[in-house]
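To keep things clear, I will list the structure first and then write my remarks on it.
Where a number appears in this text, it was derived from the coordinates with a stated rule and is not lab data. This is a predicted model, so every value here is computed, not measured. As a convention, Cβ positions derive from the backbone with ideal geometry for all residues, glycine included, and neighbour counts pool all protein chains shown.
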Amino acid sequence: MLFKDGKFADFIFASIEQVVGKDYKKHAVAIEVGAGMGRFSFTLVNNFKKVILIEPAKAFAKVLKQQFNKKHVLVAKTTVENYFAKRKVPKNSIFFGFHLLHHLTKAQRKKLFSLISNSKSSAIFVDPNPWNPLLLVQPFFNRDMAFKQEMQYLKITKANLAKELSLCGLEVKNHETLCLLPPFLTKRLLSNKSWQNELIAFEKVRKFLPFLGSYHFFYCRPIEKA
Ligand SMILES: C[S@@+](CC[C@H](N)C(=O)[O-])C[C@H]1O[C@@H](n2cnc3c(N)ncnc32)[C@H](O)[C@@H]1O
């Protein structure tokens with residue numbers, strides 16, 4: 001689905017900021033892995049001085065180039081593994097991955113996490129919340145979703161991912177759920193300005209309604225050696 005504006009992306013980032021604060025925006029470079037058609041790229045493009053959008057699917061990369069045709073945005077039509085095969089990660093970078101981790105194999109995740117850790121970068125990953133029962137029915141109604149692949153998100157629990165990350169030298173600084181109403185309803189309500197602040201405020205009850213979050217996010221940083 002083509003996203004015409006960044007309202008949903010801004011909402012997701014505002015919810016993340018309730019937990020992690022705004023300091024993550026101080027990184028010099030934002031690298032989004034698997035940017036798709038740019039659903040979440042709007043906020044990055046508007047808040048970072050340099051943005052690298054990595055997307056291997058030709059059709060999606062074409063949309064990204066059209067949508068974010070700006071001097072400070074670079075669209076790379078390749079996988080993250082290929083892009084950094086012969087390149088160094090820019091200093092002071094932060095990686096982002098939305099709806100990405102469960103589409104990668106464990107070996108691919110290991111490569112990505114090691115790249116982030118070795119380059120002393122940070123990362124924010126947002127994946128579907130494995131504890132939200134409503135999400136289980138999604139692939140039955142969405143023809144774009146491949147059932148077997150989508151179900152992999154059930155394995156991306158906090159415990160499993162923290163273990164994978166720590167084996168690569170990364171620690172989870174923050175982990176929380178977000179987007180407490182289903183995304184389709186959130187998007188609809190966000191189109192009405194008077195609902196925007198209410199929706200953000202509602203995110204604050206995440207601790208009491210852990211099963212309601214449509215997504216969960218991981219803010220990761222290299223493990224600090226004592
Ligand atoms: C489910 S889509 C999510 C797209 C977008 N982030 C969003 O949330 O709308 C996952 C994306 O990751 C991309 N992808 C898969 N493997 C990748 C890899 N190794 N490196 C970079 N991107 C990859 C796919 O092409 C796809 O566009």
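Observations, loosely collected:
- As a proxy for reagent exposure, SER191, SER121, SER15 were ordered by neighbouring Cβ count within 10 angstrom, fewest first; the result is SER191, SER121, SER15.
- Debye intensity ratio I(q)/I(0), log10, the chain, q values 0.07, 0.09, 0.12, 0.14 Å⁻¹ (C-alpha model): -0.20, -0.34, -0.63, -0.89
- Cβ-to-Cβ counts within 10 Å put SER119, SER114 in ascending order as SER114, SER119, the fewest first.
- Cross-link partners of LYS58 among aspartates and glutamates, defined as those whose alpha carbon lies under 20 angstrom from its own and excluding same-chain residues fewer than eight positions apart: GLU32, GLU81, ASP144.
- Relative contact order (percent, whole number), the stretch 7-221, Cα cutoff 8 Å, 6+ residue spacing: 22
- Each label point was placed 7 Å from the Cα along the Cα-to-Cβ direction; for THR105 and LEU74 their separation is 2.8 nm.
- Calculated from backbone phi, Karplus (6.51, -1.76, 1.60) coupling profile of the stretch 37-46 in Hz, x at Gly/Pro: 9, x, 3, 10, 6, 3, 5, 5, 4, 7
- Each eigenvalue of the Cα gyration tensor of the stretch 77-129, multiplied by 5 and square-rooted, gives one semi-axis; in descending order these are 18, 13, 10 Å.
- Residues LEU112, LEU134, LEU100 in ascending order of nearby Cβ atoms (within 10 Å, fewest first): LEU134, LEU100, LEU112.
- Helical content of the chain, expressed as a calculated mean residue ellipticity at 222 nm, amounts to -10000 deg cm²/dmol (DSSP H runs of 4 or more residues, -39,500 (n - 2.57) each, divided by residue number, nearest 500).
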